[in-house]
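Undergrad: The structure's right below; bear with me while I get my questions together.
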Amino acid sequence: MNEHHGDEFHLKYSTPSEYVDAVKAYNISWPTKYDDLMPYADQRANYWTGYFTSRPNLKEFVRRGSQNLHASNQLYSLRVLDLNITDQ
């Protein structure tokens, strides 16, 4: 990458501390967030997070579809293994 695009980019393997030092060298002032943050609590020990509140029907469809996909993959694998054993 550096050989072909060295005039535009310079890629380098780095450690996390080198990355933090490089970002710190830019002297960026990060904003502080003061408004509401997730998760919300509507009672003392009841929290709402995006996982439970965002598109619950879609998540259920994905969950059920994923279960069916895994089950069909397992049945297909068993069938292929059964055919290979009986063909020998």
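Undergrad: How much length is gained on full extension from K24 to V62, taking 0.36 nm per residue of separation minus their Cα-Cα distance? Walk me through the intermediate numbers first.
TA: On the way: separation 38, 0.36 × 38 = 13.68 nm, distance 4.19 nm.
That pair, K24 and V62, stretches by 9.5 nm at full extension.
Undergrad: Another question, if that's okay. Using 7 Å Cα-to-Cβ label points, what is the A71/T15 separation (nm, one decimal)?
TA: The modelled label-to-label distance comes out at 5.2 nm.
Only the coordinates and a few stated rules stand behind these numbers; no lab work does. Model, not experiment: these values are computed from the prediction. Note that each Cβ is placed from the backbone with ideal geometry, even for glycine, and that neighbours are counted across all protein chains shown.
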